[in-house]
Structures are given as structure tokens and as C-alpha cells.
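Presented below is the structure to which this report refers.
Any read-out appearing in this document is the output of simple, stated calculations on the displayed coordinates, not a laboratory observation. Remember, predicted model here, so these are calculated numbers, not experimental data. Every residue, glycine among them, receives a Cβ derived from its backbone with ideal geometry; neighbour counts consider all protein chains shown.
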Amino acid sequence: MTENVCPECKSKRLTHDYEKGEVVCQNCGLIVNEDEMDLGKEWRSFDSDQFEDTARTGSPMKYVKLNKGLVTMIDRRGADSRGNKLSSKSKAQMYRLIKWHKRASISSSMQRNLSIALTELRRVASYLNIPEQLVEAAALLYRKTVKKGLIRGRLIEAVVAAVLYTVCRTYQVPRTLNEMAEASGLTKKEIGRTYRFLVRELKLEVPLTNPIHYIPRFASELNLSGEVQEEGRKILEDAIGRGLISGRGPTGVAAAAVYIAGLLKGERRTQKEVANVAGVTEVTIRNRYRELKKRLDIEVSA
């Protein structure tokens, strides 16, 4: 096995030369290993067609697909393996097979639930522009929820929205309950109740929402400069350090910091504009603005 440290100078700066099969220390030049094995593929491809023809593995497993992408699907092109068109009788037989194949894949109540939920999951994630990696994580968490029987008596849409909200908070991707409610067509109260239930039953450790994560998003939607973003981040870091955001909604505090930063940098936006972007009321912006201005001794010209 290749050493992680050079035995001569104890340096960790090792370079792998796969052409020569050597591991060389960049610090002293010692050849640490001269029998390095190349674990990469032994073939090359220059376009997608060559890759598909040469590759010996299938697509990766995806939890967002009903059968995790591991099921064989019947082609609907109406042609045989050689590309010849099928007769009308063979086509009718093939379509019947496809229909029964789909029915067999969602035969149980759990499969039917997953079929509906995963479709809703992709729809909401697309609406909120959530990254694909987080959608996969949300699909896996939903499958765990179904396996533990926690969805009984609850709306599928509410569980999907709660799962997505949980994953977004876990991976620090700023999405609010208001946005989840708008995307799913449910109330904020229903999603919040389901979210708290899942966290309690699954014993999830969800970090507190950091208002700093909302700064780039709000500033971008308000067409503010990078200087305003940096100033807003400094304001929030100072407020967090002094314990001023305890008990305050993260979106309201972040919106107020962006509003103050815009005033300080000469890129003024109205409280109404900031409130619309943040999804809070103008009263919330005004209250958080006064608190931050007073407690942090910020001089803002009216």
C-alpha cells in the first residue's frame, strides 16, 4: 500500500506518476513507491457514443427515481434489437407489456406512495432551484420516513416539503418555510408542524439557520454590489457576536442587515423592496433595522 508520508523527510507532498507507476516526494525527490497501480479505466472515449459503447457499468443508483434507476425499462420505439420496425400486432403486444410492467413496478401501497412523492419532490425542488445533490438527499430521507411508517395520516405534499426544508437547513442552503409553502401550496404552519415531527421522530440534528447565508441571495435579487454583501456580512457577524439575533427570525435580521449595508454603501433600496425579496413585512424590516442601528452604534444617513 502507498505510504502517505515520505519515510526520508516526513513530507506529505507526494505526487502520483501513473505513467511510470511511481509515487515521488516533491520535497526531497525520493521515490516512495515504484509499483503504483493505476485503478482508472484502461480505455479512452472521445464522445458520448464511444463512452456508451465502451463502458461496462450502468448509470449510478438514484434515490429520486422510483426503482433507484436499477430497473430495466421496455423501449417504446416500436423496433426490434436490430432496428427493424415491428408489425402492428407486435406493437400492440409490446404496449400491453409496457403497461403491465408499469403496473407491476408500483403494485404495493409503498411504491404508489413513493411514485407520487418523488414526482412532487422533483417538482418542488425544480420550482425552488434546489441542487440535484440535495434532491437526492431529500429522496433518501423520504424513503427512511416511509420505511419507519411516519407518513401515515399526513399529507404527502407536507412530508415532501418538510423533508426538503430539513435537507436545505442541514446543508445550509437558504430556503424559507414561506418559500416551501408557496411551492407546495400548503400553509407554513402545516409544513412547520410536519418538520418538527420528523426531526423529533428521526432524531435528526438540524443546525440553526445562519442569517449570513441569506445575504448573497437577497443582495443578488436586489441587484446590489459585492461591497454591500460584504458590509451586510460584517454587520451580521457583529450582531451574532453580541448575541443580538437570539429569538429573531433569520430572514428578517438578514434583510435588515442588507438594507443597512445598502444605505452605508450608497446603494439605497426601499424597505418595501427588501421586504418583498426576503418574504417578510416592512414592519419586521423596520424593527430589526432600529435594533441593529441602536445596538451596534451604526451611523446611517437618512
Lysines with Cα under 29 Å of K234, excluding same-chain neighbours fewer than 8 positions away: K265, K272, K293, K294
I want to verify the translational diffusion coefficient of the stretch 166-302 in µm²/s; compute it with Stokes-Einstein, Rh as the Kirkwood radius over Cα pairs, at 20 °C and 1.002 mPa s. 138 µm²/s
So what's the net charge close to L263: Lys and Arg +1, Asp and Glu -1, counting the other residues with Cβ under 11 Å from its Cβ? +1
Cα extents of the chain along the three principal axes, largest first (Å): 77, 66, 38
Do the sum for the chain: with -39,500 (n - 2.57) for every DSSP H run of n ≥ 4, divided by all residues, what is the mean residue ellipticity at 222 nm, to the nearest 500 deg cm²/dmol? -16500 deg cm²/dmol
Where does the charge balance sit around E205 when Lys and Arg score +1, Asp and Glu -1, over other residues with C-beta under 15 Å from its C-beta? +4
Across the Cα atoms of the stretch 189-254, what radius of gyration and what greatest pairwise Cα-Cα distance (Dmax) are found, in Å? 14.9, 43
Going by a ≥ b ≥ c, the root eigenvalues of the Cα gyration tensor, does the stretch 109-202 fall in the rounded group (a/c under 1.5), the prolate group (a/b larger than b/c) or the oblate group? rounded
Net charge contributed by nearby residues that have their C-beta within less than 13 Å of V274 (K/R +1, D/E -1): +2
Mean separation of Cα pairs under 8 Å and 6+ residues apart, divided by the residue count of the chain: what relative contact order is that in percent? 9 percent
Using a simple charge model, +1 on the beta-carbon of Lys and Arg, -1 on the beta-carbon of Asp and Glu, nothing else, what dipole does the stretch 109-202 show about its Cα centre, in debye to the nearest 20? 440 debye
